[in-house]
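See below for the structure under consideration.
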Amino acid sequence: MKRTFVLFLSVLLFAVATKADEGDLDDLIDSLFTKSPSQIGISAGTTPAPAPAPVPPPVGSQEVCEPGQRCVQKYLCTNASTSGEGLIDIRFNDDNPCVHYLVQCCHEEDIIQAPPTPPTPKPPVDPVSINPVCGKRNTEGIGFRVTGQKDGESEYGEFPWMLALLRQEIAFETVVNVFLCGASLIHPKVALTAAHCLHNRSPSQLKVRAGEWDTQTTNEIHPHQDRSVVELVTHPDYYKGGLYNDIALLFLDSPFSLNEAIQTICLPPQNAKFDRQRCFASGWGKDVYGKPGSYQVILKKIDLPIVPSAQCQTALRTTRLGSRFILHESFLCAGGEKGKDTCKGDGGSPLVCPIQGSHEHYYQAGLVAYGIGCGENQIPGVYADVAHFRNWIDQHMQSHQLDVSSYTP
């Protein structure tokens, strides 16, 4: 599969802080899919666009390699010392003539044929046969381990349920994709996201992307996959003023073709609690709040503690929310450690917690909803509590004749 557009980052995150007669919504920040990283810029209010990333030479180029060699993706070179199975530095390497860290010079005789792109499967009769195990985190990555992390980058394929929610627009007489929010895969044909991401959106405008990791390259082992949204269902009690019941389901036109980089996340039982567990959030949002923050090129991860609701409410009352603030029952909280938080651009992204007694498998405990700044000391972030909605999710899955086993461990 070849990509027409490469994902770069933009954001639709409503960070809602509500006083008695006061309500703030963060500005919509749009960033477009373009054909080349050299053509891209981020619009974030008056913040200047960051310098474009270097553009690697096209795969197959011989001009930068020695005679008898050409640039190929690392996993297509059989040379054991330089194959994709080793450690790969995700930082720019001046000694690499192919420029990009996932591409290298390889002798012609060492190049293996890329596996063909699997066809889009027909809707499954038995979802269990396609995805018998949900929530498996690839802690060692897929195909290679990355080194040189400095911003909390995830391993390639570490969170295979992570999705990007996109909106189609016309820009410069071209159909482009705008990144709206994060989402998660709970069934080959169903995505879970935050209701605030879908405000005034119609299904025909939306796409869901799976298998994304580094948003400025197409050199990952598995190509990303896009699916169109045919139906969106927001919770009937969603209240945009306070983001109560901030959850929605996206039903897709066809199932994703599952592989080691695209899998479903498990959902917890109704009303399950995760207090004081350490969990992981993932997304492409800003590293810090406000203009100094930078959007992430590679999918980031942070580990956060789940904060009991009473403790969270007390902490949030010390902020501009005020002493009368009441944390709604549809939320849970995580974080409160200085410098560690989800932020702008992470709306709708999953918060996942380990399944007790199951090695490397995870439940989705939350969806990124809002926060007061990002990474403030002793101020947790606020998430939609997925376990609060498990019965609601099951009901809609069954009404669409879809089996819940895709997200049941």
Given (1) out of contact with any Cys (no Cβ under 7 Å at 6 or more places or on another chain); (2) modelled with pLDDT of 95 or more, index of the condition Ile372 fails:
(2)
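Let's see how each residue does on (1) touching a His at 6+ places or on another chain (Cβ under 6 Å); (2) in contact (Cβ under 8 Å) with a residue 12 or more places away in the chain; (3) of a type in the set (S, T, N, Q):
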{"residue": "Gly211", "(1), (2), (3)": "yes, yes, no"}
{"residue": "Ile221", "(1), (2), (3)": "no, yes, no"}
{"residue": "His224", "(1), (2), (3)": "no, yes, no"}
{"residue": "Pro236", "(1), (2), (3)": "no, no, no"}
{"residue": "Phe251", "(1), (2), (3)": "no, yes, no"}
{"residue": "Arg278", "(1), (2), (3)": "no, yes, no"}
{"residue": "Gly283", "(1), (2), (3)": "no, yes, no"}
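Listed here are the residues, each with its yes/no results for (1) of a type in the set (Gly, Ala, Ser); (2) modelled with pLDDT of 80 or more; (3) out of contact with any Lys or Arg (no Cβ under 7 Å at 6 or more places or on another chain).
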| position | (1), (2), (3) |
| --- | --- |
| Ile130 | no, no, yes |
| Lys136 | no, yes, yes |
| Glu155 | no, yes, no |
| Met162 | no, yes, yes |
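So that you can scan it fast, the table gives a plain yes or no per residue for (1) modelled with pLDDT under 90; (2) closer than 21 Å to Ile355 by Cβ; (3) open to solvent by 10 Å² or more (accessible area, probe 1.4 Å):
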{"residue": "Thr147", "(1), (2), (3)": "yes, no, yes"}
{"residue": "Ile186", "(1), (2), (3)": "no, yes, no"}
{"residue": "Ala194", "(1), (2), (3)": "no, no, no"}
{"residue": "Cys197", "(1), (2), (3)": "no, no, no"}
{"residue": "Thr215", "(1), (2), (3)": "yes, no, no"}
Among the residues listed as Gly381, Gly357, Gly371, the single one being on the phi > 0 side of the Ramachandran plot and of a type outside the set (A, V, I, L, M, F, W, C)
Gly357
Look through Tyr383, Tyr407, Tyr370, Tyr362 and report the one residue that is within 21 Å of Glu153 (Cβ to Cβ) and not aliphatic (A, V, I, L, M).
Tyr362
Within the range 237-254, considering residues that are surrounded by fewer than 22 Cβ atoms within 10 Å (Cβ to Cβ) and in contact with a helix residue (DSSP H, G or I) (Cβ under 9 Å, 6 or more places away or on another chain), the one modelled with the lowest pLDDT
Lys240
Given Ile355, Ile372, which one is among the β-branched types (Val, Ile, Thr) and surrounded by 19 or more Cβ atoms within 10 Å (Cβ to Cβ)?
Ile372
Just one of Asp394, Asp385, Asp341 is buried (at least 24 other Cβ atoms within 10 Å of the Cβ) and at pLDDT 95 or above; which is it?
Asp385
Can you tell me how many residues in the range 262-279 are touching a Pro at 6+ places or on another chain (Cβ under 6 Å) and open to solvent by less than 10 Å² (accessible area, probe 1.4 Å)?
2
Return yes when Ser406 is in contact (Cβ under 8 Å) with a residue 24 or more places away in the chain, buried (at least 16 other Cβ atoms within 10 Å of the Cβ), among the hydroxyl-bearing types (Ser, Thr, Tyr) and in contact with a helix residue (DSSP H, G or I) (Cβ under 8 Å, 6 or more places away or on another chain) and no when it is not.
yes
Of those in the range 220-236 that are in contact with a helix residue (DSSP H, G or I) (Cβ under 7 Å, 6 or more places away or on another chain) and not acidic (Asp, Glu), the residue surrounded by the fewest Cβ atoms within 10 Å (Cβ to Cβ) is Val230
Using the structure shown, decide if Gly357 is without any contact (Cβ under 8 Å) to a residue 60 or more places away in the chain, of a type outside the set (A, V, I, L, M) and assigned to a loop (DSSP other than H, G, I, E, B).
yes
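The values are calculated or read from the model by the stated rules, or taken from the named source; none is laboratory data. These numbers were taken from a predicted model, which means no experiment stands behind them. Glycine gets a Cβ as well: all are built from the backbone with ideal geometry, and neighbour counts include every protein chain shown. The protein model used for the area step is the full one, side chains on, heavy atoms only, and it has no ligands, DNA or RNA in it. Shrake-Rupley method; radii C 1.70, N 1.55, O 1.52, S 1.80 Å.
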